[in-house]
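Enquirer: This is the structure I want to talk about, given as structure tokens.
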Amino acid sequence: MSFPDIVADIKASAPDLRGRLAANAPLAEATWFRVGGPAQVLFSPADVDDLAYFLSALSPAVPVIGIGLGSNVIVRDGGVEGVVIRLGGRAFNTIEILDGSRVSAGAAAPDAFVARAAAVAGVDGLAFLRGVPGSIGGALRMNAGAHGGETVDVLIEAEGVDRSGKKRVFTNGEMGFSYRRSSAPEDVIFTRALFQGKEGDPEAITAEMERITTAREASQPIREKTGGSTFKNPPGMKAWQLIDKAGCRGLVVGDAQVSPMHCNFLINRGVATAADIETLGEEVRRRVRETSGVTLEWEIKRIGRPAGSTGPLRSALAHSGGGGARPL
């Protein structure tokens, strides 16, 4: 399945763009599940200024979504209409240790790399990031946490660019953190975060990170094609226990399976489709609701359209009157 190619129109309306644009770009290999269709347009900005310029030139009618390392997302089989933004390179993945046990990290920096850099520098408080799959941008969006720590505990401020191309800075309080979510505007693409740690002993911090790594390897299917924890823990409960009680451990749909090791993880056993994985997740939710009366909430984000979707497949440019050298 292919989307209408709008790359030429975007380039015409943003002639000074320095980042990379690709039409109908495959996304499956960019996600941990290794499933899903293409992005109508995949954009990799050169730096923050390039990202802001791109968004300011793009018509509001063109949908935009950002993805990080692809660890917490299911891209549906029909692909993603509009623009998918994926940050990368030195402009977005650098990690700096600053005075006062502060750490500045680009949104594309893997959480585990930030934890390691902090440990080497003797900055305590960020070791929990070793147990969080994904990148800093995702951690900001969902208040990621593990092993007793959460993003809200250490964030000073987050930088980003909104849909209009305006650069924004959000304090910890303005992020509106709660369990596995942030109430920051959905249209913001986060670009950098500033964290506050505390002085610590590098050897002790490293030992804590090794403990986290050992615990993950012993209890989670981290070497499988998976997206991390699938459902949020309901208040006062553990999602995996509810799933186990519902008899879902090892449950299979197509080539997708509830992990026998940790049943709050769904895995692609090899050739699963996004539809297999999402259908399996919905079946788990149904069985848990029947057995426990609890409706599990997805933690993994699902984006795009199902294969064979009969909805109007449109070029957003056509709807906005764009084309040629006119602004999008």
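Enquirer: Just to verify a result, which residue in segment 45-63, among those that are surrounded by fewer than 19 Cβ atoms within 10 Å (Cβ to Cβ) and of a type in the set (A, V, I, L, M, F, W, C), is farthest from Gly19 (Cα to Cα)?
Expert: Out of the qualifying residues, it is Ala61.
Enquirer: Let me ask you something else. Would you please list the contacts, defined by Cβ atoms under 7 Å and residues six or more apart or on different chains, that run from a residue in segment 243-259 that is on the phi > 0 side of the Ramachandran plot to a residue that is open to solvent by less than 30 Å² (accessible area, probe 1.4 Å) and not in a strand (DSSP E or B)?
Expert: Qualifying pairs under 7 Å: Gly254/Ala272.
Enquirer: Has segment 64-76 got at least one residue that is within 15 Å of Ala23 (Cβ to Cβ) and touching a strand residue (DSSP E or B) at 6+ places or on another chain (Cβ under 7 Å)?
Expert: Initially, segment 64-76 is screened for residues within 15 Å of Ala23 (Cβ to Cβ), giving none.
No, the conditions are met nowhere in segment 64-76.
Enquirer: Let me ask something else about it. Just to be sure, is Ile222 of a type in the set (A, V, I, L, M), out of contact with any Asp or Glu (no Cβ under 7 Å at 6 or more places or on another chain) and part of a loop (DSSP other than H, G, I, E, B)? Working first, answer last.
Expert: Working: of a type in the set (A, V, I, L, M): yes; out of contact with any Asp or Glu (no Cβ under 7 Å at 6 or more places or on another chain): yes; part of a loop (DSSP other than H, G, I, E, B): yes.
Spelling it out, Ile222 is indeed of a type in the set (A, V, I, L, M), out of contact with any Asp or Glu (no Cβ under 7 Å at 6 or more places or on another chain) and part of a loop (DSSP other than H, G, I, E, B).
Enquirer: Can you tell me which residue among Ser183, Ser135, Ser178, Ser164 is farther than 24 Å from Val73 by Cβ and of a type in the set (Gly, Ala, Ser)?
Expert: Numbers: Ser183 fails: farther than 24 Å from Val73 by Cβ; Ser135 fails: farther than 24 Å from Val73 by Cβ; Ser178 fails: farther than 24 Å from Val73 by Cβ.
It is Ser164.
Enquirer: Another one. Report yes if Pro15 is open to solvent by 50 Å² or more (accessible area, probe 1.4 Å) and either on the phi > 0 side of the Ramachandran plot or modelled with pLDDT of 95 or more (or both), otherwise no. Step through it out loud before you land on a result.
Expert: Numbers: open to solvent by 50 Å² or more (accessible area, probe 1.4 Å): yes; either on the phi > 0 side of the Ramachandran plot or modelled with pLDDT of 95 or more (or both): yes.
Spelling it out, Pro15 is indeed open to solvent by 50 Å² or more (accessible area, probe 1.4 Å) and either on the phi > 0 side of the Ramachandran plot or modelled with pLDDT of 95 or more (or both).
Enquirer: Out of (1) farther than 26 Å from Ala119 by Cβ; (2) loosely packed, with under 14 Cβ neighbours inside 10 Å, what's the single condition that is false for Ser219?
Expert: Among (1) farther than 26 Å from Ala119 by Cβ; (2) loosely packed, with under 14 Cβ neighbours inside 10 Å, the lone unmet condition for Ser219 is (1).
So that you can scan it fast, the table gives a plain yes or no per residue for (1) part of a loop (DSSP other than H, G, I, E, B); (2) out of contact with any Lys or Arg (no Cβ under 7 Å at 6 or more places or on another chain); (3) open to solvent by 50 Å² or more (accessible area, probe 1.4 Å):
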| position | (1), (2), (3) |
| --- | --- |
| Cys263 | yes, no, no |
| Ala272 | yes, yes, no |
| Glu278 | no, no, no |
| Glu282 | no, yes, yes |
| Arg287 | no, yes, yes |
| Thr291 | no, no, yes |
| Val294 | yes, yes, no |
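The values are calculated or read from the model by the stated rules, or taken from the named source; none is laboratory data. Being a predicted model, the structure only gives us computed values, none of them experimental. With ideal geometry, Cβ positions are generated from the backbone for all residues, glycine too; neighbour counts draw on all protein chains shown. SASA here: full protein model, heavy atoms, side chains in, ligands and nucleic acids out. Shrake-Rupley method; radii C 1.70, N 1.55, O 1.52, S 1.80 Å.
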